[in-house]
Amino acid sequence: YTSSNTKFTIDNNKLKLNTTLDYENATSLSTTITVTDANSHTFDKIFNFTVGNIDDTAPTNILLSNLNLIKSQPANTLIGTLSATDVDTSTALTFSVDDTTNFKIVNGNELRTNRSTTALGNTININITASDNTNDSAPQPFTIAITTTYIAAPVISQFSVTQGENKGPLISKDGGEVTVSASAGTGTYTWSSNDFSNTSTNKTFVFNPQSANIGTRTITLKVTAGDFSSERVLKLKLVNTYPNGRIDINGNGISDSKESGNSDNELPAGTSKKITSPGSTRILPGIMGEDSGQLTLDQLKQYRVANHLSDYTKDTLATGDIYDYIVEGLRATGDSTQVIIQLATLIPANAVLRQYSLATGWRNFVVDNNNSIQSKTNTSNICTDTWHLANWINHRRNLP
């Protein structure tokens, strides 16, 4: 017997694997086995093997959303939320901190103080470990700064995109120069992009997309003021030629023919449904969908595959309506707003609102002092609209 694949060896009549396989490198392999008799007659047969996926990789790249505290804040103050990368599991990650005297982990990924920040000095060093319940990451160091006054990070509140007479995040290779303008606070501006060659330290970023590949392209803006900074990624859809007759007056990326009006604070969310934010804000489609704030599970999966992201979509057997949107125009980092979603389908009994992260997957929405869920009802708490008022969610979110 002989094998065409060098990953196998043959010991008498036994086929043996002579290397270590990794599901993340290859999900299958095959070999052709040739048998030869004493008269040199041969017979070939192909064998295909599936490589199983086991959790053999520890989490990496632990991130903490904030590294600053203020003097005189009480115990249980939220410092920031934790996230990490794990290439081979969809299990929710858990985190631990080595300094349990001063800090604690709450709700799985919230780093909070265990006592008043007055007792912590000016800086304190901690180590965070992430676990997927099978493998633990190496402890990752973080330095928490405790300041006497609060210095707000600059807010990148809005982007506007223009290409000739066209507005919005849909641009074309043959449409000439594109200008991206940012509404943000005072600070140092740093633009970067792997797709478009240009540098800028101003509030505008100008480039010509002629030589870029079609598809979803990105631009990142970082605004720094002193020791604090904010960063935001803008997603653009690049096509060869801008669709003939397409108009997008408010520049939200949705053709006016698919909207019942051009209000900045309204977003289509399925047939005859919409998402509404306060009049002082602007609401846009999220990064995973097009032409609507409503997202299908297939769109979510397609975005993950197209951007080579880990698969955290497995917990989806009971997933109902999905909504993906961005709210612009908040006044400061940490500001809250209320979003009203007119749902496409009725809310079933015992429904649970969940949030999806490209980094960690699904988790339940946490209701606390800054986050609440409500149904829209009249003064008698009775749903009277023909499409059921209970299909609205008032979503108050403490934005990062």
Descending accessible area (1.4 Å probe), largest on the left, turns Ile146, Ile249 into Ile249, Ile146
So, with points 7 Å from each Cα along the Cβ direction, the Asn198-Phe49 label distance in nm works out to 5.2 nm
In nm, what is the difference between 0.36 nm times the number of residues separating Ser181 and Ser260 and their Cα-Cα distance?
25.8 nm
Ranking by accessible area, most exposed first, for Tyr325, Tyr1 with a 1.4 Å probe
Tyr1, Tyr325
Rounded to the nearest 20 debye, dipole of the stretch 1-91 from Cβ charges on Lys, Arg, Asp, Glu
140 debye
Per the 1/(1 + (r/R0)^6) rule, R0 = 25 Å and r from the Cβ atoms of Thr345 and Ile249, FRET efficiency to 0.05 is 0.25
The stretch 178-256: chymotrypsin sites (Phe, Trp or Tyr not before Pro) in DSSP loop, at most 15 other beta carbons within 10 Å
none
FRET efficiency, Lys7 to Ser280 (Cβ-Cβ, R0 56 Å, nearest 0.05):
0.35
Sorted by accessible surface (1.4 Å probe, heavy atoms of the protein chains only), largest first, Glu231, Glu165, Glu259 come out as Glu165, Glu231, Glu259
Identify the trypsin sites (Lys or Arg not before Pro) of the stretch 246-303 meeting these criteria: DSSP loop state and at most 14 other C-beta atoms within 10 Å of the C-beta.
Arg246
Starting from the Cα-Cα distance between Asn364 and Asn125, subtract it from 0.36 nm times their residue separation and give me the gain in nm to one decimal.
83.0 nm
Over the heavy atoms of Thr201, what accessible area does a 1.4 Å probe trace out, to the nearest 10 Å²?
100 Å²
How much of the calculated P(r) for the stretch 133-202 lies past 18 Å, in percent of all Cα pairs?
63 percent
Any chance you could look up the accessible area of Ile326 with a 1.4 Å probe, heavy atoms only, rounded to 10 Å²?
50 Å²
Additional length obtainable on full extension of the chain from Arg304 to Ser211, 0.36 nm per residue less Cα span
31.0 nm
Here are some pairs, Lys167/Lys237; Lys235/Lys258; Lys7/Lys45; Lys203/Lys235; Lys203/Lys273; Lys203/Lys274; which of them have Cα atoms lying more than 23 Å apart in this structure?
Lys203/Lys273; Lys203/Lys274
Between Thr77 and Thr34, what is the label-point separation in nm under the 7 Å Cα-to-beta-carbon projection?
7.3 nm
For the stretch 42-149, which trypsin sites (Lys or Arg not before Pro) are both in a DSSP coil and crowded by at most 16 other Cβ atoms within 10 Å?
Lys71, Arg115
Aspartates and glutamates near Lys222 by alpha-carbon distance under 12 Å, same-chain residues fewer than 8 away left out - which ones?
Glu231
Roughly how many Å is it from the Cα centre of the stretch 156-175 to that of the stretch 117-149, as a whole number?
41 Å
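The values are calculated or read from the model by the stated rules, or taken from the named source; none is laboratory data. Just so it is clear, the model here is predicted, and its values are computed rather than measured. Neighbour counts run over all protein chains shown; Cβ positions are idealised from the backbone, glycine included. Note: accessible area is taken over every heavy atom of the protein model, side chains too, but ligands, DNA and RNA are not part of it. Shrake-Rupley method; radii C 1.70, N 1.55, O 1.52, S 1.80 Å.
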